[in-house]
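*Asks:* Got a structure here, written out as structure tokens. Questions coming.
The values are calculated or read from the model by the stated rules, or taken from the named source; none is laboratory data. Just so we're clear, the structure is a prediction, and the values are computed from it rather than from any experiment. Ideal geometry is used to build each Cβ from the backbone, glycine not excepted, and the neighbour counts take in all protein chains shown. Ligands, DNA and RNA are stripped out before the accessible areas are found, and what is left, the full protein with its side chains, is counted by its heavy atoms. Shrake-Rupley method; radii C 1.70, N 1.55, O 1.52, S 1.80 Å.
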Amino acid sequence: GTSKKLVFQCATSTCPEKASVILLHSVDDVEGFFGDTLRSPPWPVDVAKADLMLVEGRYSLEARLDTTSLQSGRSYDIGIDGDGFGTLGLGKVGTVFVSPIAEVDPGSMMPVGEEPRLLSVQCTSCPSGSVLFLASACGYGALTLSSVDSDFALLMQTPLQPVENDNSTNGSFAVRFDLSSSAAMSTTGRWLELCFGSGAPSSYNLLEDVGPTGFAFYMHPKVSSQQLAVRPAPGQFIDLECTAGCEGLDRGYLAHSCPRWDAFLGVARTPDGEVDAERSPAEMSTRTALLDWHISLDASALTMGRHAELCVLRGDRSESGPSGIRFFVTPVEKAWPRVVRAEPGQRVNIQCPKGCTSNTTAFIAQVCMSSSGARLPKAPLRRFEPTWPEDPSDHWVVDLDATGLSLGKYYRLCLDLDGAVGATFEAGDSGIALFISPISSPRLAALVRSGAAATDVYHLAPVSLRFACDAGRC
């Protein structure tokens, strides 16, 4: 865009009431084009300047700059003059990089141990010779890739390859990262910045200018889980399969949101509105087999009706981030029956001690959060009308429409705690699977035991079972 915001925190208790900021290639060259008169200097073409305004009392300064004249893929010094380009002079307070990368797909996670991972990027202005690489910190200015420390420039990459037949406004490029290399494996549990550099097309090793793109990736273990839900209670268990980078699971925890990369601050942090203390650290994380992990935790701090992420915190590092696995914090303790027919009006009983209301809705789907696949209309929960005084008050019922579902397959029972009347909660997996049966009425003929004496071993004789199926359904 044409307008970008810069915010400065003042080192002293108060900020100057009149100050200006300028972005230019080098503050050290300021005398060369400013001359002796700073009030009306001959500004260079690619420069951005603005007056700073006091915000948040007298402790911060903010400016909005018109950045249309700045060059993509270049670094600029941030200079501040305390009296608005008056007599105090200009001083450097930092550096900013004008990133040409507008979008990156996929998002902010990369599982180590995979085959080369393809990144698709949208670039506003990527000249020939542009390079993307991952590093613990991008730095600024010129860079010779072959000469840098291996901890600085990780997973070096070949130049960006244009995507053919691209019809987007920005140019589409692709780059592959080898996540199975020893260098990639050593980064498990770290945030790596996606860095951009440009140089001469004949020598991709020497980059004229390097800087951060505003995107970063958390290098997480390659894990998967068949489990989809967790109860907000002590004594919860999660079973995982981990095939690479598994050391990051030894201090994992559940939270409603793991730290995410903040491009404005250049660090990973918990998103606004999320309470960092609302997490459930693993009480014990053990490897039960070559690939299998068993994690026990107290999930009491989590809010039912929301999703929780498994966050990875490697033992020897303080950086934490998402693992790519989410669980729905379900209020459902149990449900019955677990078998329904592919018809309307399939009644399911739900035991929900806390969290369910008359606004709560349920539905059947292959994947509760997915917009694709079978997903049937939502139905409201209602309290079970007790027949006996001892009938539990946490007993709810719902009549589900299972019309058109595939026979002989399992589907998920999904819940939305506030249904259509609210947006506080989202639909999620209750932890209950329902089987769509083609059997309409099973009839058991007999179970016959063989053997006469009490000391004899009893065996079941052949059993005759008869089933009635709808036409063409068995």
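Here's the yes/no breakdown for (1) farther than 19 Å from LEU143 by Cβ; (2) free of Cβ contacts under 8 Å to residues at least 60 places away in the same chain; (3) in contact with a helix residue (DSSP H, G or I) (Cβ under 8 Å, 6 or more places away or on another chain); (4) among the aromatic types (Phe, Trp, Tyr):
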residue	(1), (2), (3), (4)
LEU65	yes, no, no, no
THR68	yes, no, no, no
TYR76	no, yes, no, yes
GLY79	yes, yes, yes, no
LEU88	yes, yes, no, no
LYS92	yes, no, yes, no
ILE101	no, no, no, no
PRO111	yes, no, no, no
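*Asks:* Can I ask one more? Would you check if GLY355 is on the phi > 0 side of the Ramachandran plot, touching a Pro at 6+ places or on another chain (Cβ under 6 Å) and at pLDDT 90 or above?
*Replies:* For GLY355, the condition - on the phi > 0 side of the Ramachandran plot, touching a Pro at 6+ places or on another chain (Cβ under 6 Å) and at pLDDT 90 or above - is met.
*Asks:* So, in region 43-63, how many residues would count as being closer than 30 Å to LEU143 by Cβ and either at pLDDT 85 or above or not β-branched (Val, Ile, Thr) (or both)?
*Replies:* Within region 43-63, residues that are closer than 30 Å to LEU143 by Cβ and either at pLDDT 85 or above or not β-branched (Val, Ile, Thr) (or both) number 7.
*Asks:* From the residues in region 418-436 that are among the aliphatic types (A, V, I, L, M) and closer than 24 Å to THR403 by Cβ, which one is farthest from the chain's Cα centre (by Cα)?
*Replies:* ILE436
*Asks:* Taking the stated definitions as given, is LEU145 modelled with pLDDT under 70, open to solvent by 10 Å² or more (accessible area, probe 1.4 Å) and of a type outside the set (D, E, K, R)?
*Replies:* Against the criterion (modelled with pLDDT under 70, open to solvent by 10 Å² or more (accessible area, probe 1.4 Å) and of a type outside the set (D, E, K, R)), LEU145 qualifies.
*Asks:* Taking the condition of being modelled with pLDDT of 80 or more and either hydrophobic (A, V, I, L, M, F, W, C) or more than 20 Å from the chain's Cα centre (by Cα) (or both), how many residues in region 262-290 meet it?
*Replies:* So the count comes out to 3.
*Asks:* Pick from region 110-140 the residues that are closer than 11 Å to VAL210 by Cβ and open to solvent by 20 Å² or more (accessible area, probe 1.4 Å): which of them is nearest to the chain's Cα centre (by Cα)?
*Replies:* ALA137
*Asks:* Quick one: PRO259 ticks every box in (1) at pLDDT below 85; (2) within 28 Å of CYS195 (Cβ to Cβ); (3) open to solvent by less than 40 Å² (accessible area, probe 1.4 Å) bar one, so which box is it?
*Replies:* So PRO259 meets the others, but not (1).
*Asks:* Take the residues in region 295-317 that are touching a helix residue (DSSP H, G or I) at 6+ places or on another chain (Cβ under 8 Å) and open to solvent by 30 Å² or more (accessible area, probe 1.4 Å); name whichever of them is farthest from TRP261 (Cα to Cα).
*Replies:* Filtering region 295-317 for residues that are touching a helix residue (DSSP H, G or I) at 6+ places or on another chain (Cβ under 8 Å) and open to solvent by 30 Å² or more (accessible area, probe 1.4 Å), the one farthest from TRP261 (Cα to Cα) comes out as GLY315.
*Asks:* I want to confirm something. Restricting to region 395-417 and keeping residues that are in a loop (DSSP other than H, G, I, E, B) and closer than 19 Å to PHE384 by Cα, which single residue is most open to solvent (accessible area, probe 1.4 Å)?
*Replies:* Taking the candidates together, the pick is ASP401.
*Asks:* Of everything in region 79-109, what is crowded, with 18+ Cβ neighbours inside 10 Å, within 32 Å of the chain's Cα centre (by Cα) and in a strand (DSSP E or B)? Give them in sequence order.
*Replies:* VAL96, PHE97, ILE101, VAL104
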